[in-house]
Amino acid sequence: MGLFSKDIKNMDDLFVHTLRDIYYAENQIVKSLPDMIEKASDPQLKQGFQSHLRETENHVKRLEQVFRLHGVDAKGIDCPAIDGILEEAEEVAGEVDDKAVLDAALIAAAQAVEHYEITRYGCLVAWANQLGRSDCATLLKQNLEEEKAADKKLTVMAESNVNRRAA
Ligand SMILES: [Fe+2]
Ligand SMILES: [Fe+2]
(Lines give C-alpha, C1' and ligand atoms only; values in the text may rest on other atoms or scores of the structure.)
(Ligands and ions follow the chains in the order given, each with its own letter.)
Protein backbone atom coordinates (compact mmCIF):
# COMPACT_ATOMS: atom_id res chain seq x y z
CA MET A 1 0.00 0.00 0.00
CA GLY A 2 1.96 3.00 -1.24
CA LEU A 3 1.80 6.39 0.37
CA PHE A 4 1.01 8.15 -2.89
CA SER A 5 -1.17 5.60 -4.64
CA LYS A 6 -4.23 6.64 -2.60
CA ASP A 7 -5.09 3.10 -1.56
CA ILE A 8 -6.63 4.34 1.67
CA LYS A 9 -9.98 5.72 0.58
CA ASN A 10 -12.05 5.62 3.76
CA MET A 11 -11.94 4.98 7.50
CA ASP A 12 -12.33 1.25 6.96
CA ASP A 13 -9.21 1.20 4.75
CA LEU A 14 -7.33 3.24 7.35
CA PHE A 15 -8.47 0.84 10.09
CA VAL A 16 -7.23 -2.21 8.14
CA HIS A 17 -3.98 -0.45 7.18
CA THR A 18 -3.27 0.38 10.84
CA LEU A 19 -4.21 -3.15 11.95
CA ARG A 20 -1.61 -4.49 9.51
CA ASP A 21 0.94 -1.98 10.79
CA ILE A 22 0.52 -3.07 14.43
CA TYR A 23 0.37 -6.75 13.38
CA TYR A 24 3.81 -6.35 11.77
CA ALA A 25 5.03 -4.45 14.85
CA GLU A 26 3.81 -7.12 17.31
CA ASN A 27 5.53 -9.83 15.27
CA GLN A 28 8.81 -7.85 15.28
CA ILE A 29 8.48 -7.40 19.06
CA VAL A 30 8.04 -11.18 19.50
CA LYS A 31 11.34 -11.60 17.61
CA SER A 32 13.17 -8.91 19.64
CA LEU A 33 12.13 -9.77 23.20
CA PRO A 34 14.23 -12.96 23.56
CA ASP A 35 17.33 -10.84 22.93
CA MET A 36 16.22 -8.30 25.56
CA ILE A 37 15.51 -11.13 28.04
CA GLU A 38 19.04 -12.42 27.49
CA LYS A 39 20.64 -8.98 27.92
CA ALA A 40 18.72 -8.02 31.09
CA SER A 41 20.58 -8.64 34.37
CA ASP A 42 18.03 -7.63 36.98
CA PRO A 43 15.91 -10.76 37.69
CA GLN A 44 12.74 -8.66 38.00
CA LEU A 45 13.38 -7.03 34.61
CA LYS A 46 14.21 -10.37 32.99
CA GLN A 47 11.01 -11.86 34.36
CA GLY A 48 9.02 -8.79 33.27
CA PHE A 49 10.27 -9.17 29.69
CA GLN A 50 9.48 -12.89 29.80
CA SER A 51 5.89 -12.32 30.85
CA HIS A 52 5.45 -9.54 28.27
CA LEU A 53 6.75 -11.91 25.58
CA ARG A 54 3.90 -14.30 26.45
CA GLU A 55 1.45 -11.37 26.41
CA THR A 56 2.83 -10.19 23.07
CA GLU A 57 2.32 -13.65 21.53
CA ASN A 58 -1.27 -13.34 22.68
CA HIS A 59 -1.53 -9.83 21.13
CA VAL A 60 -0.67 -11.41 17.78
CA LYS A 61 -3.44 -13.99 18.30
CA ARG A 62 -6.01 -11.34 19.28
CA LEU A 63 -5.12 -9.34 16.17
CA GLU A 64 -5.67 -12.46 14.07
CA GLN A 65 -9.13 -12.72 15.65
CA VAL A 66 -9.82 -9.08 14.79
CA PHE A 67 -8.79 -9.70 11.14
CA ARG A 68 -11.12 -12.71 11.06
CA LEU A 69 -14.05 -10.81 12.58
CA HIS A 70 -13.54 -7.98 10.11
CA GLY A 71 -13.28 -10.39 7.18
CA VAL A 72 -9.82 -9.43 5.92
CA ASP A 73 -6.54 -11.34 5.55
CA ALA A 74 -4.24 -11.34 8.57
CA LYS A 75 -1.07 -9.88 7.11
CA GLY A 76 1.49 -7.30 8.11
CA ILE A 77 2.79 -4.28 6.25
CA ASP A 78 6.22 -2.79 6.88
CA CYS A 79 6.22 -0.41 9.81
CA PRO A 80 9.40 1.70 9.64
CA ALA A 81 8.53 3.30 12.99
CA ILE A 82 8.85 0.08 15.04
CA ASP A 83 11.85 -1.04 12.97
CA GLY A 84 13.54 2.25 13.89
CA ILE A 85 12.74 1.96 17.59
CA LEU A 86 14.02 -1.64 17.74
CA GLU A 87 17.14 -0.87 15.69
CA GLU A 88 18.04 2.07 17.90
CA ALA A 89 17.53 -0.06 21.02
CA GLU A 90 19.94 -2.65 19.70
CA GLU A 91 22.50 -0.01 18.77
CA VAL A 92 22.42 1.66 22.18
CA ALA A 93 22.57 -1.71 24.01
CA GLY A 94 25.67 -2.53 21.96
CA GLU A 95 27.38 0.59 23.33
CA VAL A 96 26.83 -0.27 27.02
CA ASP A 97 29.15 -2.45 29.13
CA ASP A 98 27.93 -1.87 32.68
CA LYS A 99 25.11 -4.29 33.55
CA ALA A 100 22.97 -1.83 35.54
CA VAL A 101 23.35 0.85 32.87
CA LEU A 102 22.39 -1.74 30.24
CA ASP A 103 19.24 -2.55 32.26
CA ALA A 104 18.34 1.16 32.31
CA ALA A 105 18.86 1.34 28.53
CA LEU A 106 16.69 -1.75 28.00
CA ILE A 107 13.88 -0.28 30.13
CA ALA A 108 14.01 2.96 28.12
CA ALA A 109 13.87 1.05 24.84
CA ALA A 110 10.99 -1.13 26.04
CA GLN A 111 9.04 1.96 27.10
CA ALA A 112 9.47 3.49 23.64
CA VAL A 113 7.98 0.27 22.21
CA GLU A 114 5.05 0.30 24.66
CA HIS A 115 4.28 3.95 23.91
CA TYR A 116 4.24 3.20 20.19
CA GLU A 117 1.82 0.32 20.75
CA ILE A 118 -0.37 2.46 23.02
CA THR A 119 -0.78 5.16 20.34
CA ARG A 120 -1.69 2.57 17.72
CA TYR A 121 -4.18 0.66 19.88
CA GLY A 122 -5.70 3.93 21.12
CA CYS A 123 -6.60 4.90 17.53
CA LEU A 124 -7.68 1.39 16.59
CA VAL A 125 -10.12 1.12 19.51
CA ALA A 126 -11.66 4.50 18.65
CA TRP A 127 -11.92 3.66 14.94
CA ALA A 128 -13.37 0.19 15.57
CA ASN A 129 -16.14 1.79 17.64
CA GLN A 130 -16.67 4.46 14.99
CA LEU A 131 -17.01 1.72 12.35
CA GLY A 132 -19.57 -0.13 14.47
CA ARG A 133 -17.14 -2.96 15.27
CA SER A 134 -17.49 -3.11 19.04
CA ASP A 135 -16.49 -6.80 18.79
CA CYS A 136 -13.10 -5.77 17.36
CA ALA A 137 -12.85 -2.84 19.80
CA THR A 138 -13.19 -5.19 22.79
CA LEU A 139 -10.23 -7.31 21.65
CA LEU A 140 -8.09 -4.29 20.74
CA LYS A 141 -8.85 -2.73 24.13
CA GLN A 142 -7.53 -5.87 25.85
CA ASN A 143 -4.20 -5.42 24.03
CA LEU A 144 -4.20 -1.70 24.86
CA GLU A 145 -4.72 -2.36 28.59
CA GLU A 146 -1.88 -4.90 28.69
CA GLU A 147 0.48 -2.42 26.97
CA LYS A 148 -0.46 0.23 29.52
CA ALA A 149 0.13 -2.19 32.40
CA ALA A 150 3.51 -3.21 30.93
CA ASP A 151 4.47 0.45 30.58
CA LYS A 152 3.54 1.15 34.22
CA LYS A 153 5.61 -1.79 35.46
CA LEU A 154 8.59 -0.48 33.47
CA THR A 155 8.16 2.97 35.02
CA VAL A 156 8.24 1.47 38.50
CA MET A 157 11.41 -0.46 37.64
CA ALA A 158 13.00 2.61 36.08
CA GLU A 159 12.32 4.65 39.18
CA SER A 160 13.46 2.05 41.69
CA ASN A 161 16.41 -0.25 42.05
CA VAL A 162 17.55 -0.61 38.47
CA ASN A 163 18.37 3.05 37.94
CA ARG A 164 19.63 3.56 41.48
CA ARG A 165 22.24 0.89 41.04
CA ALA A 166 23.30 2.45 37.77
CA ALA A 167 23.98 5.84 39.36
FE1 LIG B 1 1.77 -5.76 22.15
FE1 LIG C 1 3.93 -4.33 24.43
Looking for whichever is assigned to a helix (DSSP H, G or I), of a type outside the set (Val, Ile, Thr) and within 20 Å of Ser32 (Cα to Cα) here; the options are Asp135, Asp78, Asp151, Asp97. Which one fits?
Asp151
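Just to verify a result, which residue in segment 105-134, among those that are open to solvent by less than 30 Å² (accessible area, probe 1.4 Å) and among the small types (Gly, Ala, Ser), is nearest to Glu146 (Cα to Cα)? Let's see the steps before the verdict.
Let us first name the residues in segment 105-134 that are open to solvent by less than 30 Å² (accessible area, probe 1.4 Å), namely 105-107, 109-110, 113-114, 116-117, 121, 124-125, 128.
From what is left, the residues that are among the small types (Gly, Ala, Ser) are 105, 109-110, 128.
Numbers: Ala105: 22, Ala109: 17, Ala110: 14, Ala128: 18 Å.
Once the filter is applied, the top-ranked residue is Ala110.
Name the residues in segment 54-77 that are near ligand 1 (Cβ under 10 Å from one of its atoms) and closer than 20 Å to Val156 by Cβ, would you?
Answer for segment 54-77, where residues must be near ligand 1 (Cβ under 10 Å from one of its atoms) and closer than 20 Å to Val156 by Cβ: Glu55, Thr56.
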Residues within segment 28-73 that are more than 15 Å from the chain's Cα centre (by Cα) and either outside any helix (DSSP H, G or I) or within 13 Å of ligand 2 (Cβ to nearest atom) (or both), tallied
6
Odd one out for Leu86 among (1) away from ligand 2 (no atom under 16 Å from the Cβ); (2) under 14 Å from Ala25 (Cα atoms); (3) assigned to a helix (DSSP H, G or I); (4) among the aliphatic types (A, V, I, L, M):
(1)
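Quick check on Ile85: is it under 14 Å from the mean Cα position of the chain (by Cα), open to solvent by 20 Å² or more (accessible area, probe 1.4 Å), within 16 Å of Lys148 (Cα to Cα) and not charged (D, E, K, R)? Working first, answer last.
On the way: under 14 Å from the mean Cα position of the chain (by Cα): yes; open to solvent by 20 Å² or more (accessible area, probe 1.4 Å): yes; within 16 Å of Lys148 (Cα to Cα): no; not charged (D, E, K, R): yes.
So Ile85 fails the test.
The values are calculated or read from the model by the stated rules, or taken from the named source; none is laboratory data. Quick caveat, the model's predicted, so the values are computed rather than measured. When we count neighbours, we look across all protein chains shown, and the Cβ atoms used for this are built from the backbone with ideal geometry, even at glycine. Accessible surface areas use protein heavy atoms only, side chains included; no ligands, DNA or RNA. Shrake-Rupley method; radii C 1.70, N 1.55, O 1.52, S 1.80 Å.
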